[in-house]
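Below: the structure, in structure tokens.
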Amino acid sequence: MTFSKTKKNMNKKNMNKKNNKTLKAENKYASVKLNVNKNVLNYEAKLKNTKNVSAVHIHQNKNGKPGPILSWIATTPQWKSGVLQNKKNMNKPCCSNEKKCNLTAPLGTKKVKSNCLIKKSTKMPKNKNCNGANPGAILVIHGKKFQFMKKNKTLSKGKPGLNIIKTSKFN
């Protein structure tokens, strides 16, 4: 009896290890330790030099390029009002029950700030457009040269698009 319980516990442990991956990505703007367990992302992000940074995200890896946003790490007021894209839904986030799924930072997203530590857990929705961190994830740093809607409902200077200034693959 003891043997079968031990064997069962060992299989459970191995299964958890198999479904649980810890990955890291780092660049001059941020370093992120990401733990992926089934459909839950847990991460610890250390923001560094963020003077020219408007947003930090974890994106799905789509053949080496950023795919849908998996989690918003940090943002600025400009992203909270919505970022205009070159092509509609070009980089649509993995949304859950939101009726309006766009590039607007979710409530509670931390503000971009140098020398800041952010810990968060994100549950990935079951969605045909989003496979979570399979086959991988990319840390994406966005600059400040993009077009957004100002408080007075006029467009800012800059070009529509995401102004990606750095990407780093999680390994």
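Please treat every number below as a calculation from the coordinates, not as lab data. Please read all numbers here as calculations on a predicted model, not as lab measurements. Note that each Cβ is placed from the backbone with ideal geometry, even for glycine, and that neighbours are counted across all protein chains shown.
Here r is the Cβ-Cβ distance between GLU44 and LYS145 and R0 is 35 Å; the resulting FRET efficiency, rounded to 0.05, is 0.75. Protection proxy ranking for 31-42, 57-68, using the average of other Cβ atoms within 10 Å per residue and placing the highest first: 57-68, 31-42. Counting Lys and Arg as +1 and Asp and Glu as -1 over every other residue whose Cβ lies under 11 Å from the Cβ of ILE138, the net charge comes to +4.
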